[in-house]
Each structure stands twice: as C-alpha cells, then as structure tokens.
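What follows is a single structure, written as structure tokens, with notes after it.
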Amino acid sequence: MHKFDDQASKILLKVLSHTIERLSLDPPILDYPKSVEFFEKNAPSLITEVGNSIDKVFDQYKNTIEQSIISADSPRNLSFIPAAPTKASMIFDLVVSAGSLNGISWQEGSGAVWVENQVIRWIADLVGLPEDAGGCFVAGGTNGNLSSLVVAREEHRKKHKGNSKRLAIICSDQTHSSVKSTAKVMDCDVIVVPTNDSFQLTRESIENELKVHSKKYKELDIFAIVATAGTTNLGVIDDIYGISEYAKSNKIWLHVDGAYGGAGLLSPKVKDLFSGIEHADSFIVDPHKWLFAPFDCAAVIYRNKHLASEVHSQQANYLDILHDDEAGDNPSDYAFHLTRRARGLPMWFSLSVYGIKAYREAVESSLNIAKYAADEIKKSSYLTLLIEPSLSVVAFERENWGWEECKNWSTEQLKKQVCFVVPSLVRGKPVFRFAFLNPETSKEIVDEILLSLE
Ligand SMILES: Cc1ncc(COP(=O)(O)O)c(C=O)c1O
C-alpha cells in the first residue's frame with residue numbers, strides 16, 4: 001500500500017485519465033441524486049477483508065457514485081451557493097493532496113504557510129485591514145464564524161472580568177444559520193434583529209430592537225455583532241458602516257461574514273456597498289464560493305491576529321516546539337482546528353497564474369448575469385422580482401405558485417437537466433433564487449430556465 005508499485009502506477013494512470021476527462025467536460029454534466037434502492041442494487045459495499053481489483057472499485061465510483069452527485073460547478077447549478085473553481089485551482093489541488101502538504105505550522109510547512117499568507121494579505125488589503133491583520137484558511141464559513149466569535153468572546157471576557165450576565169451576539173433575521181449554530185456551540189444567546197425593507201441589518205434596526213425589547217435584553221451582555229456582506233438568501237449587504245459606528249461606540253466586536261459576498265470587494269462597481277468593512281474586527285470569505293477555489297477553503301482574518309492566536313493556539317507538551325520559532329505564522333493558531341491541509345494553495349496557485357484582473361472579471365460576469373436575469377424577470381408577466389440584486393443573487397416569485405408547485409418544478413428541471421434551482425422562503429413566501437457565480441452561466445441558460453417557469 002505504501003510503495004509506488006505496479007498497482008499504484010495503474011491507479012495513478014486511471015485517476016489521471018479520469019481527471020482529465022472530468023476537467024475537460026465543457027460544461028460539466030449537472031447529474032441528479034439517486035435513491036437508496038439504486039445504491040443498494042448498484043453500489044454494494046466493496047469493503048472486504050482482502051480488497052478488490054482496482055477496476056472494480058474505480059468502476060463503481062465512475063459509473064454509480066460520481067453520477068449521483070450534483071455538479072456544484074455546472075453553470076446550470078444556481079442553488080444554495082454553488083461553486084466554480086478555476087481549472088488551475090482544481091488541478092493544483094491534486095498537487096496538494098499528492099504532496100501530503102501539512103499546513104499546521106511554520107515548522108512543518110513554512111513554504112505553504114508563506115504563500116497562503118500572501119493570499120490572506122491580499123484579501124486583508126481588499127477589506128482594508130491593517131498590517132497586523134492575519135489569519136488562516138479553514139474548512140468553511142461555519143468554522144470561520146465560530147473561530148472569530150470565540151476570539152470576540154474571549155476579548156470581551158478579558159475586559160469584563162467578573163461579569164456574570166449571559167453573553168449574546170447580535171445578528172439579523174437574514175444572517176447565515178451558522179451563526180446560530182455557533183452560538184449554540186458557545187452556549188450564548190442570539191439577538192435576532194429584524195431587517196428593514198431592503199433586508200438589511202442597520203444601526204437603526206439594532207438600536208430600535210434593543211430599545212423596544214429593553215426589558216428582555218437587560219440581562220444580556222452583548223459581545224459581538226455579525227454584519228453580513230452578502231446574505232445567502234438574497235445577496236444583500238448590511239449597512240456595515242452604520243453598524244461599525246454602533247459597534248465602536250458601544251465597544252462591541254464587529255464580525256463581518258462575507259463568506260459568499262466578500263468576493264464582491266474585487267469589483268469597483270459594488271465596492272462602495274461594503275463601506276465600513278475596514279472597521280471589522282474579524283472577517284470571513286469563502287474562496288470555495290465566489291473566489292473560484294475548490295472545496296474546502298474559507299479564509300478567516302482578524303484585525304489583530306495576535307488576539308486570535310492567544311485564544312486558538314493549542315498548548316501541549318508535544319506542540320510547544322511549534323511556538324519556539326516566533327518568526328513564522330502557525331495557521332493552527334488562528335482557528336478552532338489543528339491538523340489542516342494547506343487548503344489555501346489551490347487559490348494561491350490559480351490567483352498567481354491568472355492574475356487579479358481575471359478574478360475581477362469573473363466576479364463581474366456574475367454581477368452582469370444577475371442584472372440580466374433581474375431585467376428579464378421584470379419584463380415577465382408571471383414572475384415578480386423580489387428586490388434589485390446587490391450582488392449576484394436574484395430572488396423572485398412565481399405568481400400563483402405555492403411551495404409544492406415550486407418544488408415540483410424544481411425536481412422536474414433537475415430531471416431534465418435544465419437546471420438545479422430549489423425554492424426558498426422569504427418572510428414566509430416561497431421564492432426562487434438564482435445564485436450566480438459561475439462565469440459560464442450564459443444568458444441562453446437563464447432564458448431557458450425562465451421560459452420553463454412560464
Ligand atoms: C453568508 C454565509 N456565511 C456562512 C456560510 C457557511 O459557510 P460554509 O458552508 O462554508 O460553512 C455560508 C454558506 O453558504 C454563507 O452564505
């Protein structure tokens with residue numbers, strides 16, 4: 001198993017040839033999920049005492065497993081937040097895996113940490129964070145939110161020793177679900193502030209909520225506000241500037257969740273919408289979303305990285321040596337994790353190869369197609385646009401359709417391989433949403449989908 005023998009060589013050739021086939025699909029096939037009965041029949045367990053032939057196992061993957069996985073990178077996949085990794089990033093991911101690159105520490109992976117930090121710095125500059133800012137790549141936005149809010153809480157505890165009130169985070173009714181999960185893990189409360197007519201969290205809405213329900217919140221000690229730079233459901237950017245002023249005057253940590261929308265900072269067309277983001281104490285963006293990296297890659301960045309390492313650095317006799325070398329960063333010190341693959345490298349490679357301009361243009365192509373879709377929806381007699389898109393999410397209602405009709409249409413279109421678009425709810429109403437982030441999603445695809453909704 002550990003020698004590069006004939007078997008390993010055969011596996012490599014098979015995998016490379018399959019990888020070339022998959023990478024050259026233009027576009028990737030959407031595919032659709034299969035039933036448990038299908039897998040019981042076609043993919044019985046091959047885990048046995050003595051193993052199986054390479055062909056048998058690989059064929060099961062190729063003919064049964066792979067085809068049941070909806071391609072996140074299909075230009076017809078507009079559901080949730082899909083993915084659109086660049087070819088260079090996907091191909092370089094092979095190198096990261098094949099090299100067993102360990103991204104825990106400077107001692108073990110100095111070169112990997114060096115280039116990952118170049119990407120972290122590039123993102124920090126887009127946000128407008130100071131020199132002392134830093135962070136690392138984690139598995140996803142959920143981990144990034146958790147890691148940030150844990151640092152926020154510890155900072156708060158340091159400054160308010162002896163305070164026995166229950167801790168709380170302010171967020172909005174549009175904040176990503178991972179913030180509520182984070183609060184559960186941290187055993188603290190969440191103050192969910194209703195958003196305004198534009199689905200934004202604002203300074204006024206926070207002040208109003210705290211005033212109207214002052215009795216209810218009297219017993220809580222607020223240590224963080226989460227502003228979202230691109231909500232998942234609607235792509236809305238909160239009033240970050242107003243919120244940052246409020247956070248500053250009340251000495252509350254400001255965390256900005258740009259997991260999806262943070263990539264918009266690349267475009268001068270929408271950059272102003274992010275005003276105030278430079279005041280964030282912590283920030284996340286997921287390159288595996290709109291920055292075209294393969295799964296799983298999220299960046300978490302702190303205004304003052306030293307605050308994060310004080311909290312997240314793991315102490316153990318066998319690990320202490322990692323902290324002897326003060327010159328280099330240890331990515332494991334900046335989040336709730338220890339062992340980690342050098343998951344920032346595919347992004348570093350791709351960004352270095354294609355250049356920032358290509359990334360900006362790719363982000364802007366999503367803004368453009370979102371605008372096109374919104375305009376077409378406005379022209380239609382059977383669809384109603386919910387709000388003008390700020391970024392690349394377009395949400396709309398199909399007149400006279402309830403949840404069931406929406407679901408049936410969605411299932412039908414996936415079966416026909418027209419698109420993967422699932423319904424969502426906005427303030428109790430069923431809506432469809434297109435999350436555009438694949439530069440290959442064309443006007444023709446949008447037209448075809450809109451026509452199928454007639
Ligand atoms: C705004 C926002 N925050 C956080 C997350 C969670 O990210 P992940 O799925 O990478 O954990 C998402 C996911 O869509 C998101 O859109």
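FYI, it's all coordinate maths here, none of it is from the lab. Model, not experiment: these values are computed from the prediction. Neighbour counts run over all protein chains shown; Cβ positions are idealised from the backbone, glycine included.
Here are some notes:
- 3J(HN,Hα) from dihedral phi, segment 341-347, Karplus parametrisation 6.51/-1.76/1.60, rounded to Hz, x for glycine, proline: 6, 6, 6, x, 5, x, 5
- The helix-only estimate of mean residue ellipticity at 222 nm for the chain, built from DSSP H runs of length n ≥ 4 each weighted as -39500 (n - 2.57), is -12500 deg cm²/dmol after division by the residue total.
- The HN-Hα couplings worked out from phi for segment 403-420 by the Karplus form 6.51 cos²θ - 1.76 cosθ + 1.60 (θ = phi - 60°) are 4, 5, 4, 4, 5, 5, 4, 4, 4, 4, 5, 5, 4, 7, 6, 6, 6, 10 Hz, whole numbers, x standing for Gly and Pro.
- 3J(HN,Hα) along segment 243-249, derived from phi through the Karplus expression 6.51 cos²θ - 1.76 cosθ + 1.60 where θ = phi - 60°, amounts to 5, 5, 5, 5, 4, 5, 6 Hz, with x in place of Gly and Pro.
- Here's how it looks for ASN77: its modeled amide H is under 5 Å from those of PHE420, which are all 5 or more places away or on a different chain.
- Neighbour-limited loop hits for GluC sites (Glu not before Pro), segment 90-153 (at most 13 other Cβ within 10 Å; DSSP other than H, G, I, E, B): GLU131
- For segment 337-411, the tally of Lys pairs with Cα-Cα distances below 24 Å comes to 4, considering only residues 8 or more apart or on different chains.
- In terms of Cα atoms, the Rg and Dmax of the chain work out to 23.3, 72 Å.
- Size of charge dipole - the chain - debye, nearest 20, with Cβ of Lys, Arg +1 and Asp, Glu -1, no other charges: 720 debye
- Only lysine pairs 8 or more places apart or on separate chains count here, and in segment 6-71 those with Cα atoms under 20 Å apart total 7.
- Segment 150-301 - Rg (one decimal) and Dmax (whole number), Cα, Å: 15.1, 47
- Distant-in-sequence amide H partners of ASP189 (H built 1.01 Å from N, under 5 Å): LEU167, ALA168, ILE169
- Separation of alpha-carbon centers, segment 399-446 and segment 35-73, rounded to whole Å: 29 Å
- Positive dipole terminus of the chain, leading residue within VAL150, LEU201, ILE123 (C-beta point charges): LEU201
- Amide H within-cut-off set for VAL138, under 5 Å, with H built and near neighbours excluded: ALA298, ALA299, VAL300
- Taking the empirical scaling 2.2 N^0.38 Å for compact globular proteins as reference, segment 360-452 has a Cα radius of gyration ratio of 1.03.
- Bridgeable lysines around LYS248 (alpha carbons under 25 Å apart, same-chain partners fewer than 8 residues away excluded): LYS158, LYS159, LYS161, LYS165, LYS180, LYS211, LYS215, LYS216, LYS218, LYS271, LYS305.
- Ranked by how many other beta carbons lie within 10 Å on average, peptides 180-189, 21-30 from highest: 180-189, 21-30
- Cα centroid of segment 377-393 to Cα centroid of segment 153-229, whole Å: 31 Å
- DSSP bridge pairs, the chain: antiparallel proportion in percent, nearest 5: 55 percent
- Sorted by Cβ neighbour density within 10 Å, fewest at the top, the residues VAL394, VAL193, VAL270: VAL270, VAL193, VAL394
- Placing +1 on the Cβ of every Lys and Arg and -1 on the Cβ of every Asp and Glu, with nothing else charged, gives segment 95-354 a dipole about its Cα centre of roughly 660 debye.
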